[in-house]
Amino acid sequence: MTSFPLQISRPIHPTGIWNWITTIDHKKIGILYGVSAFILFIIGGIEAMLMRAQLASSNLKIIDPELYNQLFTMHGTTMIFLAIMPMGAAFFNYLIPLQIGARDVAFPRLNAFSYWTFLAGAIILNASWFLGGAPNAGWFGYAPITGKAYNVGHGIDFWIISLQVLGIASLAAAFNFIVTIINMRAPGMTFSRLPVFTWMSFITAILLVLAFPVITVALIELQFDRFYGTNFFITSAGGNPILWQHLFWVFGHPEVYILILPAMGIVSEILPTFSKKPLFGYPVVILSGIIIGFMGWMVWSHHMFTVGLGPVANSVFALTTMAIAIPTGVKIFNWLGTLWKGSLTLNTPMLYAIGFILTFTIGGISGVMHSQAASDAQQQDTYFIVAHIHYVLFGGSLIAILGGIYYWFPKFTGRMYDEKMGKLGFYAFFIAMQITFFPMHFTGLNGMPRRIYTYGSEYGWDFWNLISTIGVLLLAISMVIFIYNIVSSWIGGEKASGDPWDARTLEWSISSPPPEYNFAVIPTIEYRDDWWEKKMLGKTSEEITSDDVHLPQPSYWPFIASLGLLIAGFGIILSIPVAILGASITMIGVYAWSFEPVNDPH
Amino acid sequence: MSEPNNHSTHEDTTTGLNHRKLLMWAFLGSDCMFFASLIATYLVYKGKSVTGPDPIDLFSIPVTSVSTFVLLMSSMSMVLAYAALTKGSLKGFRVWMLSTAIMGMTFLGFQVFEFRDFTVNEVKISCEENSPKYIELESKLSSKQKSDYKKQCADGIEEAHVEFGMTPRTNLFGTTFFVLTGFHGAHVTLGVIWLLSLFFYSFKRGAVSAERHLDVDLAALYWHFVDIVWIVIFTVVYLFGVYEGF
């Protein structure tokens, strides 16, 4: 078929590690994403615990200021780009094809490339710890502190390059999911019947595609300043550091919705299932998601209220920020409407979903408080902001993701988790979260700035800081319970049926875990919540199995293309010949990939 | 399900559109934001350079108009290449494809010439007292260039040749100009490699054919996009940079 000289025999039936390296099955890639992101989440959590140890009391000297700067930068960057985003990607991968009735994503090899490139970015960022120090300028890396004049080591270089590599991974994944959702829906699966999780993922993918190029350009400018002596953010040449802030937040605010919309989708799946009711106001929930995605582009300057953009700009962005609270509030009421008079099953995923509504509402309220530009001037860069971001990201995105892991655990693994331990883990997690983050509202309003490595006892911040630190210890214990439950259940849990929750969407109509080809026969969709409606009408048929479904075959090339990016990433920072070597490997990978047929002809 | 083959016009997908074509459109949407951010940076910094040269000191609109014209014509020959292929004329396809690539390379040649020209730019300033040229440029010259001018004139010559070039490090204009047009040039380079790959691939029997027109269609979409971006850059950077009133 192909004359490409590097044609090597294809990994047709690989086993063991090669099975995972060459797989292009969206379910396996989803699991790879989920497990890697969870490990990185633990690394980010350890970074947070070290910081909390240092802040437990005034004038502690556990960690020196330079290491502290590296810790908060790595904690933020890791949690956002290496933990929550890829955990979202894990759900996209595993669930979207199942929810729309497809056998895989539109571009299975591109999907594998996304995962391995994400891993390359994660390795580059974390390698900075061992190659001269981690980045230390905060997760939004404001210029000029990231410039060569103020930041001489390689830390910021690793930060720039790893974010660029992660950007390639996110963009490739987002293109893939957009095409998959538009083009691979089963017959009858119209957009007005699409499961809410898939809808929210669709909006997220569109936001990613449009937002990531903006930070790519910002990072290119910073990189050129640092590597080649250009003047983008050099004030003596007329460069304006505010440009960085604009570019970063034009990306950064849609990014916030990239983190929260999948979580909203997960909650919108869990609540109807365990309320035995359809989602209250499905079209309104979808429309609110679209409005959030659209308005997310109009609020970025609320991160910059104290920059001095002037009263007109501040007023406009204050108004748009208040306005974006409306579609978010609408969703909260829709979720409450779903619960209302439902026949509730309060098991672990449901508890997480209800916990999400509670904590996300608190985070939303403190968000509206910052939307007042005048009041935000008092809160800017204090622990009040830290409290807000953790209530929406930890108590919002992450709590929903943990709930989602429990909810789909039977589907992912074919086994049931331990319900008692799950509930115990939830309560420990939920209480510990409040103990950790609620006091930050008080320390923040009392004036404690974020990102300081220690503070004097005369400020009176000792007590609430100690409470927060105790909370983190409890959080760690709750995560141990979570991990123990997941791991032990994965190994030895009770076998799960295809539809253990009597659920509503298409992924529950097939066995757990799903067969490699997902659906032996592509289903025809007649209703929203098709599987549930058909169960009610008695129209379900016995699941059939098939050994005659042609699936795309595994491939080495996506992995090799990503490996080249990993080498090139290190090369750009440390040695140009290595960069050229890496780029060549990527080129070879991409060329061989594009000449490789999806399936070898037989 | 797999990437569908492109042997038939109707695709076995929900919308009937080909997966790869949809992907290309999504990519181009994303690339729009990429260039929008670079152009926004250029506009934010327009006229904010601390030292010269400015656009008006360097740009030659006639020269760049020629390269712009060549790039626009390459879009036309791209259309002709695609049309020839769908009509089944592999020979026509090869002729037009090669000419598209050559025009792309011509554009790149102009760009290399222009970049070099800007870096080695010189200005002639008369050594007479209160030379109008010197007064015009005084605020744009660096102290090193001014002392160079005075040193040359101290030798008693009539006209000094002052180095007045621009690199990405010289000023904000240099930084934003080279990065914006450089990334566009990189896009064109990638496009030329893609077009030439298709051209050479067409000599392999059956590799490029009317049934497999989508392979060419995607390259054409990309090529036209890169062309359109250049029209914006030519207008915003070159024309607005030289003509007053914009």
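The values are calculated or read from the model by the stated rules, or taken from the named source; none is laboratory data. Quantities reported herein were computed from a predicted structural model and do not represent experimental measurements. When we count neighbours, we look across all protein chains shown, and the Cβ atoms used for this are built from the backbone with ideal geometry, even at glycine.
At-a-glance table
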quantity: Answer residue from region B:66-83, given it is free of Cβ contacts under 8 Å to residues at least 24 places away in the same chain and out of contact with any helix residue (DSSP H, G or I) (no Cβ under 6 Å at 6 or more places or on another chain) and is farthest from the other protein chains (Cβ to nearest Cβ) among those; calculated: B:Phe69
quantity: Which numbered condition A:Phe442 misses (of (1) touching a residue at least 40 places away in the same chain (Cβ under 8 Å); (2) part of a helix (DSSP H, G or I)); calculated: (1)
quantity: Per-region count, region B:36-57, residues part of a loop (DSSP other than H, G, I, E, B), within 12 Å of chain A (Cβ to nearest Cβ) and within 20 Å of the chain's Cα centre (by Cα); calculated: 2
quantity: Residue satisfying condition, being surrounded by fewer than 24 Cβ atoms within 10 Å (Cβ to Cβ), modelled with pLDDT of 95 or more, within 10 Å of chain B (Cβ to nearest Cβ) and under 30 Å from B:Lys46 (Cβ atoms), within set A:Ile220, A:Ile182; calculated: A:Ile220
quantity: Subset of region B:140-180 (residues that are of a type in the set (S, T, N, Q) and under 30 Å from A:Ala218 (Cα atoms)); calculated: B:Ser142, B:Thr167, B:Thr170, B:Asn171, B:Thr175, B:Thr176
quantity: Where a residue in region A:475-490 is aromatic (Phe, Trp, Tyr) and its partner, wherever it lies, is buried (at least 22 other Cβ atoms within 10 Å of the Cβ), with Cβ under 6 Å and at least six apart; calculated: A:Phe482/A:Gly425
quantity: Enumerated helices (runs of 4 or more DSSP H) restricted to region B:82-181, each holding at least 1 residues that are among the hydrophobic types (A, V, I, L, M, F, W, C) and assigned by TED's automatic domain parsing to the domain that holds B:Val229; calculated: B:90-119
quantity: Selection status of A:Phe232, surrounded by 23 or more Cβ atoms within 10 Å (Cβ to Cβ), out of contact with any Cys (no Cβ under 9 Å at 6 or more places or on another chain), within 11 Å of chain B (Cβ to nearest Cβ) and in a helix (DSSP H, G or I); calculated: no
quantity: Options A:Ile326, A:Ile332, A:Ile385; residue that is over 30 Å from A:Phe41 (Cα atoms) and in a helix (DSSP H, G or I); calculated: A:Ile326
quantity: Hits in region A:419-436 - residues which are closer than 14 Å to A:Tyr407 by Cα and buried (at least 19 other Cβ atoms within 10 Å of the Cβ); calculated: A:Gly422, A:Phe426
quantity: Yes/no for A:Tyr282 being more than 10 Å from chain B (Cβ to nearest Cβ), more than 24 Å from A:Ala172 (Cβ to Cβ), of a type in the set (Ser, Thr, Tyr) and surrounded by fewer than 22 Cβ atoms within 10 Å (Cβ to Cβ); calculated: yes
quantity: Among the residues listed as B:Arg205, B:Arg169, the single one being in contact with a helix residue (DSSP H, G or I) (Cβ under 8 Å, 6 or more places away or on another chain), among the basic types (Lys, Arg) and free of Cβ contacts under 8 Å to residues at least 12 places away in the same chain; calculated: B:Arg169
quantity: Test result for A:Ala149, away from every other protein chain (no Cβ under 11 Å), modelled with pLDDT under 95 and more than 30 Å from A:Glu533 (Cα to Cα); calculated: yes
quantity: Matching option when the condition is free of Cβ contacts under 8 Å to residues at least 60 places away in the same chain and in the same structural domain as A:Leu358 (by TED's automatic domain parsing), among A:Gly414, A:Gly403, A:Gly395; calculated: A:Gly395
quantity: Count of region A:170-188 residues which are within 26 Å of the chain's Cα centre (by Cα) and in contact (Cβ under 8 Å) with a residue 60 or more places away in the chain; calculated: 12
quantity: Candidates A:Gly456, A:Gly444, A:Gly460, A:Gly471 - the one that is under 27 Å from the mean Cα position of the chain (by Cα) and over 29 Å from A:Lys423 (Cβ atoms); calculated: A:Gly444
quantity: Condition met for B:Ser75 (assigned by TED's automatic domain parsing to the domain that holds B:Asp217 and hydroxyl-bearing (Ser, Thr, Tyr)); calculated: yes
quantity: A:Phe305, sole failed condition from (1) within 14 Å of chain B (Cβ to nearest Cβ); (2) under 21 Å from A:Gln372 (Cα atoms); (3) crowded, with 23+ Cβ neighbours inside 10 Å; calculated: (1)
quantity: Conditions (1) among the β-branched types (Val, Ile, Thr); (2) under 30 Å from B:Ser202 (Cβ atoms); (3) exposed (fewer than 13 other Cβ atoms within 10 Å of the Cβ); number of the one not met by B:Thr100; calculated: (3)
